Amino acid sequence: LKRTFGSIVGPPSGAPVVPAILRGRPSDGYDDQKSLRQQADSESEPESDASENERAPTRKETIPDSVDHFLGMLLEALKKRAIPEIHKLYEDTFNKLSIDNYKNKKWPSAEAVKNQISDEPLFIILYKELYYRHIYSRLQVSLDDRRGSWENYCMLLDLIISDLEEGQTLSVVVPPQWIWDILDEFVYHYQTYCATRSKAIKAQKENDVKFFKEHPEVYQTTTVLNYLHRLVRASKVEAYLANKDSDDKSGAFGDETTRLLGYFSLMQLLRMHSLLGDYHLAMKTIQRIDISEEVPLYYRIPACHVTLYYYMGFAYLMMRRYADAIRTFSEILVFLSKTSGVNSLSYQYDAMVKKQDQMYALMLIALALSPRQIDESLEKTIRDKHGEKQARLQRGEDLCFEELFSYACPKFVAAAPPDYDNIEGFNANEAHQRQLRLFLTEMRQQQFLPRIGAYMKLYTAIKTTKLAQLCDMDTDTLRDQLMCVMHKTSQKVRSTGAPLDGEPSHCSEVEFYLDGEMVHINAQRVERDHGEVFLEHILKFQELLKKTDKSEKHNWTWALVLNDSGQGSRMGSAGVAVAARSFGQARLPNIH
């Protein structure tokens, strides 16, 4: 088997040591059970414990010529380690063939591909990864499919980790997008497995419960976390992020594929800990991430960028750092509004669009709890698409908070399987309800704060009795709420450094203090410099002209400045910027 791997990854002398999970297995890896397609072909056959050779032969699957050609080219590209060719086949050809030939059915079974294309173990493992992903994204997933995908991921990740730990050349060399998709799907399959298990127990499906009880090792939480942590350690990605200029050439320092494997594993650890409800540990996982770099690594993959900001923003929200949550969601939503870097044929396209809607919902919640200014384009989108929800949140409607949270939050999972011998009264939705309860408790403690702040902005000083009447509460309750305002509006706010870093800051639109029966208010806002506003609109105008792309003259914005004598002069955007900086110091003539 080691020699067979060598035929793909290089000469036998440089071939990696094959992990134990690959040794002692049949050449097709894990196919001890029939796939659903094989079951359909042989449904008249009774199940038997006899060996494979004693079973009745099944009908031979037919692989279309276009699919045969694609698989042959993929095999050759893997042998040559040709990343650009693999990328084109993976991102373009595979998605088109899935739509044209397998929109409502499975790809050919691994056994058929092995018999008709090649039985190279690494090729079959990677094909199975595509095969199961297609099932998860478009078809009904059976329990056998879930177990098969788990065992295939175990073989693939064991092979990668074995190469990394022993300092061998990586056997698996695939494009960055495929690396991300492998790890992203690994955690997604874990998440859906946990959800399916809970639903089966709630519905008391005896056969399904028996399957889960007999296979406790499938997508076990500790095993999934262990794989991700081992990838991070073996790749040395945290050391690389801490000191990119090191002379060390091993691991992430010398190989991009290794670097991305470790980097993307950090992102999936962030996601895993968020699914389990441990937000502090989730943020601690990415403490070395290159978020302050001019061109961070997560720019390589749009889905990685969105995943990072979604889970980071959600963790800020649950940790009551609303200012950081709003800034995080604003940055990614503005970025997404200006780019379209996701392949529309990819299975991740719909997920990316949904994540964008979810982040708008989470930002609405954060803005309701801690009002502040956001980007003008985001304000317009909220007014046009989410105006009704924003109004309900500002009125403090519990149901609206609950609806938006349930729609936009991650699909939480329980860390451990239930007690199968005592499933009476089992709550399949307990993980979600626990997080929802924590959120609603926090929300109810401060749902009156925006209302109190809105009234206080109208005054510089007001008696507590009058403010209590305006807020429809008694004086003692108002004093309690004012103390709550002082506490809740003091948040930790990050400006630079790691995601958990930050300094305590007052995040309310008004500052006030109590003096006996009087509330003294300082509602002065820091006004933006006129020059900054002027420059911002010039840049937006330039972007609009570039988007039209009608002629070359739109690549440079001209402004006509009329002086007092009525004579005009033309100058470029740099000249306008100089003029704008003087705006407010000297009166600028009309600009057309």
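A short reminder: the numbers here are calculations on the coordinates, not readings from a lab. The model shown is predicted, which means the values in this text are computed figures rather than measured ones. Cβ placement follows ideal geometry from the backbone for every residue including glycine, while neighbour counts extend to all protein chains displayed.
Taking amide H positions as placed 1.01 Å from N in the peptide plane, with prolines and chain starts having none, which residues 5 or more places from residue 493, or on another chain, fall under 5 Å of its amide H?
503, 505
Can you compute 3J(HN,Hα) from phi for each residue in region 485-493, using the Karplus curve 6.51 cos²θ - 1.76 cosθ + 1.60 with θ = phi - 60°, rounded to whole Hz and x for Gly and Pro?
4, 4, 6, 6, 7, 8, 10, 7, 10
Sorted from largest to smallest, which semi-axis lengths in Å does the alpha carbon gyration tensor of region 217-325 give for its equivalent ellipsoid, taking the root of 5 times each eigenvalue? The partial results should precede the final answer.
Working: eigenvalues 108, 69, 26 Å².
After scaling each eigenvalue by five and taking roots: 23, 19, 11 Å.
Calculate one ³J(HN,Hα) per residue across region 157-171 by plugging θ = phi - 60° into the Karplus curve 6.51 cos²θ - 1.76 cosθ + 1.60, and present them in order as whole Hz with x for glycine and proline.
Residue by residue, region 157-171 yields 5, 4, 5, 5, 5, 4, 4, 5, 5, 9, x, 8, 5, 4, 6 Hz.
Considering lysine pairs in region 395-506 that are 8 or more places apart or on different chains, how many have Cα atoms under 30 Å apart? Before the final figure, lay out each step's value.
On the way: 411/488; 411/492; 457/466; 457/488; 457/492; 463/488; 466/488.
Total qualifying Lys-Lys pairs in region 395-506 comes to 7.
Can you pull the semi-axes for region 56-120, root of five times each eigenvalue of the Cα gyration tensor, sorted largest first, whole Å? Please report the intermediate quantities before stating the final value.
Numbers: eigenvalues 96, 52, 12 Å².
Equivalent ellipsoid of region 56-120: 22, 16, 8 Å, largest first.
Amide H to amide H under 5 Å from residue 463: which residues, 5+ apart in sequence or cross-chain, H placed 1.01 Å off N in plane?
The answer is 519.
Rounded, prolate or oblate for region 336-416? Axes are the square roots of the Cα gyration tensor eigenvalues, ordered a ≥ b ≥ c, and the cut-off for rounded is a/c under 1.5. If you can, show how the numbers build up before the last one.
Working: a/c = 2.38, a/b = 1.19, b/c = 1.99.
Judged from the Cα gyration tensor, region 336-416 comes out oblate (a/c at least 1.5, b/c at or above a/b).
Please list 242-252, 63-73 highest first by mean number of surrounding beta-carbon atoms within 10 Å per residue. Intermediate results must be reported in sequence, preceding the final value.
Values: 242-252: 12.2, 63-73: 15.6.
Packing order, densest peptide first, comes out as 63-73, 242-252.
Compute from the Cα atoms of region 224-282 the Rg and the Dmax, the latter being the longest Cα-Cα distance, and quote both in angstrom.
Rg and Dmax of region 224-282, Cα atoms, are 12.2, 38 Å.
What ranking do 87-98, 170-181, 195-206 get when scored by the average of other Cβ atoms within 10 Å per residue, highest first? All intermediate terms of the calculation are to be shown ahead of the outcome.
Values: 87-98: 17.4, 170-181: 21.1, 195-206: 15.8.
Result, highest mean Cβ count within 10 Å first: 170-181, 87-98, 195-206.
Enumerate the amide H contacts of residue 512 below 5 Å, restricted to partners 5 or more residues apart or on another chain; note that Pro and chain-start residues carry no placed amide H.
Correct list: 522.
Starting at the first residue of region 66-78, write each ³J(HN,Hα) from the Karplus equation 6.51 cos²θ - 1.76 cosθ + 1.60 with θ = phi - 60°, in whole Hz, x for Gly and Pro.
5, 6, 4, 5, 4, 5, x, 5, 5, 4, 5, 5, 5
Classify region 98-224 from the C-alpha gyration tensor, please: rounded if a/c falls under 1.5, else prolate or oblate depending on whether a/b exceeds b/c.
Working: a/c = 1.95, a/b = 1.31, b/c = 1.49.
Because a/c hits 1.5 or more and a/b fails to exceed b/c, region 98-224 counts as oblate.
In whole angstrom, note down how far apart the Cα centers of region 464-489 and region 234-296 are.
Result: 46 Å between the Cα centres.
Restricting the calculation to Cα positions, tell me the Rg (one decimal) and the Dmax (whole number) of region 261-369 in Å.
13.4, 38
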